[in-house]
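Down below is the structure, laid out as structure tokens.
The values are calculated or read from the model by the stated rules, or taken from the named source; none is laboratory data. Please read these numbers as outputs of a predicted model, since none were measured by experiment. All Cβ positions, even for glycine, are placed from backbone atoms using ideal geometry, and neighbour counts span all protein chains on display. In case anyone asks, the SASA skips ligands and DNA or RNA and just uses the protein heavy atoms, side chains included. Shrake-Rupley method; radii C 1.70, N 1.55, O 1.52, S 1.80 Å.
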Amino acid sequence: MSTAVPQPPQPLWEPDPARAEGAAITRFQSWAAQAHGAPADGGYPALHRWSVESLDAFWAAVADWFGVRFSTPYERVLGDRAMPGARWFPGAVLNYAEHALRTAEDPLRSGDAALLHVDETHGPEPMTWAELRLQVGSLAEALRALGVRPGDRVSGYLPNVPQAVVAFLASAAVGAVWTSCAPDFGAQGVLDRFQQVEPVVLFAVDGYRYGGKEHDRRETVAELREGLPTVRAVVHVPLLGSPAPADALDWSELTSAGTEPVFEQLPFDHPLWVLYSSGTTGLPKAIVQSQGGILLEHFKQIGLHCDLGPGDRFFWYTSTGWMMWNFLVSGLLTGTAIVLYDGSPGFPDTAAQWRVAEATGATVFGTSAAYVMACRKAGLHPARDFDLSRVRCVATTGSPLPPDGFRWLHEEAGEPVWIASVSGGTDICSVLAGGVPTLPVRIGELQAPALGTDLHAWDPSGLPLVDEVGELVVTSPMPSMPIRFWNDPEGTRYHDSYFDTYPGVWRHGDWITLTSHGSVVIHGRSDSTLNRQGVRMGSADIYETVERLPEIRESLVIGVEQPDGGYWMPLFVHLADGATLDDTLRDRVRSTIRAHLSPRHVPDDIIEVPAIPHTLTGKRIEVPVKRLLQGVPLDKAVNPGSVDDIGLLRHYEELARTRR
Ligand SMILES: CC(=O)CC(=O)O
């Protein structure tokens, strides 16, 4: 039997040695070797090992390297390392927004662009660091005058526009807890989120432009106001130019006083924002991350892994309803200008995002793997048709980038472009594995686990696997892990979301392979969360909406990753007596979902089934159905003893066979 170690596949791309030498991560390693005991040799693998074996030294080094301003110093790096419940930097006091606006204090930089706003009607409109700082300062003062205090929630029903960044930073400056939804969410979707956290202020647009059309949202905003009795003030953001309703405050009046910001000094674990992640049952999880935890995690990820700094322009196509928006805004931490594109990814044509990258001089351009595949399918030639000479990295997320996506980017996105396929999520508002500017890129692989991320692939009994598919686990705490879920006083939902499979160990819910050459391959969700174009959606939302229709007795929605990188999201319906699944009913199902949730929630197919299978405790069976649809045989996909009617599952097994 041969014991030869498998040879890694040939790299698709390797960093230019001079570039690798100058990368922040290389300089960080040399400095940390002197100042914090990091290994001077062994490159990224050695640095990564040290970062997870010496968590305290690593995170102290990150804080030092990025010059984190602790207005009261920390007593220790990790007070308690139990998961959940790790205590980071006890005693430390700071403010996230102060760091995001630091560049404005530099007279040589304050006149540079901090934000570049693009929409479907205009090219880049800059806002300088000085302007951003004063707008944030003015709005923070206005929020205080409205009685907003640290810990109060401030909500935004806003697209990806400068006003959203200003409102978030002003909230963080005051110590309020930010939360946002994109305006393509229907009223019920927003209320399911915001009602959980009881905001005192609502920033809301009158509408937005998307796909060449204006979408008036004033009626939805009225519904939100009705459904949010805790809101004391509504701030009207007139994107479509409509006047403020009589009882709403005017955006420009609150932001034009020219006031220097006052940054509330807050404990490290003070909540910064609430993000939402939809599960399979109940309301979306309301995930709370801390000011200090996000500050350090994003400094590391943006400064070291994305290699972003002053002079860079960071564009990620996102909406305010996805954590990539929060990640994008953190580009400001490293003095980088961020590109806010508020529009359709495919308007006026599929090339839209490349056009934005060209127009803004983006140096790191992030998008979804699905967009890359759409460009490939449309036969685009971005580097031929646009000046992408400034783009040095194209990053993708949302779903694993398929091998053809790597090849296409390598050929069509300009030479030599670094392809960073990254994966993490809302739960940590960051990246667990992805880009490293000093490592080679191999087709279909994420370059490596991120620094400070003790990532492994485990089998069901908790044994580590290499070169085999396992559950993605993180065995040491990370600062951006949730401090808690909102309205989860005992921490039960938080615990059950990540820690019920392997006690004390974070189970992320992805199937991965950790390769023997140190890279990571992601195979998709190991639970049944729907994840379409990077946006996680709860099946529960869809059931709730569809089953309001009298013709639908029960439903089941599944998201299936396809071998070609696509995503198939069928909705199975068990009809009420006498109902027929004809085109009229199909249209009604689609339009109900579109109106109450969003266009993204609309299924690809609606398929009638004789009944929906359940567990013995009455839960709809999603994961086994997904596995059946992926071709796993019935006896491997489900334990028959746990199902109310095993015969129902044969239907899905058969469907998978006929679809192949
Ligand atoms: C970084 C990510 O993992 C983003 C996502 O797909 O949710």
Among residues belonging to the range 348-371 that are out of contact with any Leu (no Cβ under 7 Å at 6 or more places or on another chain) and within 16 Å of the ligand (Cβ to nearest atom), point out the one that is most open to solvent (accessible area, probe 1.4 Å).
A370
Can you tell me which residues in the range 434-462 are touching a helix residue (DSSP H, G or I) at 6+ places or on another chain (Cβ under 8 Å) and not in a strand (DSSP E or B)?
G435, V436, P437, T438, L439, I443, G444, A450, L451, G452, T453, D454
Is it the case that the range 418-430 has a residue that's farther than 21 Å from M324 by Cβ and either within 21 Å of the chain's Cα centre (by Cα) or away from the ligand (no atom under 16 Å from the Cβ) (or both)?
no
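Given the residues L308, L304, which is the only one that is out of contact with any strand residue (DSSP E or B) (no Cβ under 8 Å at 6 or more places or on another chain) and more than 23 Å from P159 (Cα to Cα)? Walk me through it before giving the result.
Numbers: L308 fails: out of contact with any strand residue (DSSP E or B) (no Cβ under 8 Å at 6 or more places or on another chain).
Residue meeting the stated conditions: L304.
Please enumerate the residues belonging to the range 317-347 that are of a type in the set (A, V, I, L, M, F, W, C) and either open to solvent by 10 Å² or more (accessible area, probe 1.4 Å) or assigned to a helix (DSSP H, G or I) (or both).
Here is the first cut: in the range 317-347, the residues of a type in the set (A, V, I, L, M, F, W, C) are 322-325, 327-329, 332-333, 337-340, 347.
Matches in the range 317-347: W322, M323, M324, W325, F327, L328, V329, L332, L333, F347.
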From the set of residues in the range 372-413 that are crowded, with 21+ Cβ neighbours inside 10 Å and assigned to a loop (DSSP other than H, G, I, E, B), which is nearest to the ligand (Cβ to nearest atom)?
G398
Being closer than 30 Å to T584 by Cβ, touching a residue at least 12 places away in the same chain (Cβ under 8 Å) and either of a type in the set (K, R) or assigned to a loop (DSSP other than H, G, I, E, B) (or both) is the filter here, so list the residues in the range 516-549 that pass it.
S528, R532, Q533, G538, R548, L549
Let me spell it out: the conditions are (1) open to solvent by 10 Å² or more (accessible area, probe 1.4 Å); (2) in contact (Cβ under 8 Å) with a residue 12 or more places away in the chain, and E490 meets all of them except one. Which number is the exception?
(2)
Which residues, taken from the range 242-262, are open to solvent by 30 Å² or more (accessible area, probe 1.4 Å) and either aromatic (F, W, Y) or assigned to a strand (DSSP E or B) (or both)?
L249, D250
Is it the case that the range 315-331 has a residue that's within 17 Å of G435 (Cβ to Cβ) and over 18 Å from the mean Cα position of the chain (by Cα)?
no
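From the list V546, V505, pick out the single residue that is more than 16 Å from the ligand (Cβ to nearest atom), of a type in the set (V, I, T) and assigned by TED's automatic domain parsing to the domain that holds I607.
Numbers: V505 fails: assigned by TED's automatic domain parsing to the domain that holds I607.
Result of the check over V546, V505: V546.
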Taking the options E214, E219, name whichever one is part of a strand (DSSP E or B) and open to solvent by 20 Å² or more (accessible area, probe 1.4 Å).
E214
Regarding L451, is this residue aliphatic (A, V, I, L, M), open to solvent by less than 20 Å² (accessible area, probe 1.4 Å), touching a residue at least 12 places away in the same chain (Cβ under 8 Å) and over 30 Å from L629 (Cα atoms)?
yes
Take the range 92-115 and flag every residue that is open to solvent by 10 Å² or more (accessible area, probe 1.4 Å) and of a type in the set (S, T, Y).
T103, S110
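Of the residues in the range 500-540, how many are of a type in the set (F, W, Y) and either farther than 22 Å from W273 by Cα or in contact with a Ser or Thr (Cβ under 6 Å, 6 or more places away or on another chain) (or both)?
Matching residues across the range 500-540 total 2.
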Just to be sure, is S277 of a type in the set (S, T, Y) and without any contact (Cβ under 8 Å) to a residue 40 or more places away in the chain?
no
